[in-house]
1. Mind counting the residues in the stretch 132-148 that are of a type outside the set (Val, Ile, Thr), closer than 25 Å to Gly37 by Cα and either in contact with a Lys or Arg (Cβ under 8 Å, 6 or more places away or on another chain) or at pLDDT below 85 (or both)?
2. Looking at Gly127, Gly110 in this structure, which one is exposed (fewer than 13 other Cβ atoms within 10 Å of the Cβ) and under 14 Å from Thr63 (Cα atoms)?
3. Restricting to the stretch 71-86, and then to whatever is farther than 15 Å from Val39 by Cα and crowded, with 16+ Cβ neighbours inside 10 Å, can you tell me which residue is farthest from the chain's Cα centre (by Cα)?
4. From (1) under 25 Å from Lys2 (Cα atoms); (2) part of a loop (DSSP other than H, G, I, E, B), pick out the condition that doesn't hold for Ile133.
5. Could you count how many residues in the stretch 39-48 are crowded, with 17+ Cβ neighbours inside 10 Å and touching a residue at least 24 places away in the same chain (Cβ under 8 Å)?
6. Of these, Thr93, Thr123, which one is among the polar types (S, T, N, Q) and closer than 25 Å to Gln11 by Cβ?
Amino acid sequence: MKAEDIDKTLQSVTENGQHLSPILPAGVKNYLIDIDGTVSDDIPNEEPERMLTAEVYPDALATLNKWYDEGHIIFFFTSRTEAHREYTEIWLTKYGFKYHGMVMGKPRGGNYHWIDNHLVKATRYRGKFTDLIEKDVTIEVFDDGQHE
């Protein structure tokens with residue numbers, strides 16, 4: 001699926017006669033993937049000259065391209081700035097990454113806690129990309145009376 005086709009797959013949602021934000025079909029995941037230290041060497045924004053020569057993590061390349069081929073949405077969500085977009089696109093193309101787009105300017109520093117009205121799942125990269133497995137974990141949620 002090409003980036004311009006993503007909107008065509010979205011399914012409309014209504015509640016009490018009101019339209020809500022559309023959702024992806026069941027089974028299709030919206031992957032947001034970091035770049036530095038996740039699919040390649042960890043390079044700070046202060047050293048952009050290294051971005052073109054970064055080593056790729058082969059397991060990340062194979063896994064992300066597999067997910068793309070399976071019909072999932074792949075977006076890179078990076079702390080790199082718009083000034084780094086061209087270098088980043090050149091590097092991704094050089095290694096053959098299949099992806100739908102990039103979101104630049106992710107806040108730096110880690111310790112992310114994403115709050116959204118849609119389902120959010122998070123996976124911390126620890127040195128190896130594989131197919132994902134299910135695992136029971138403890139998470140922080142709002143105290144809205146709807147959780148056991």
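The values are calculated or read from the model by the stated rules, or taken from the named source; none is laboratory data. Given the structure is predicted, the values throughout are model-derived calculations rather than measurements. Positions of Cβ are backbone-derived with ideal geometry, glycine not excepted, and every protein chain shown enters the neighbour counts.
1. Total satisfying the criteria: 0.
2. Gly127
3. Among residues in the stretch 71-86 that are farther than 15 Å from Val39 by Cα and crowded, with 16+ Cβ neighbours inside 10 Å, the one farthest from the chain's Cα centre (by Cα) is His84.
4. Exception for Ile133: condition (1).
5. 2
6. The conditions single out Thr123.
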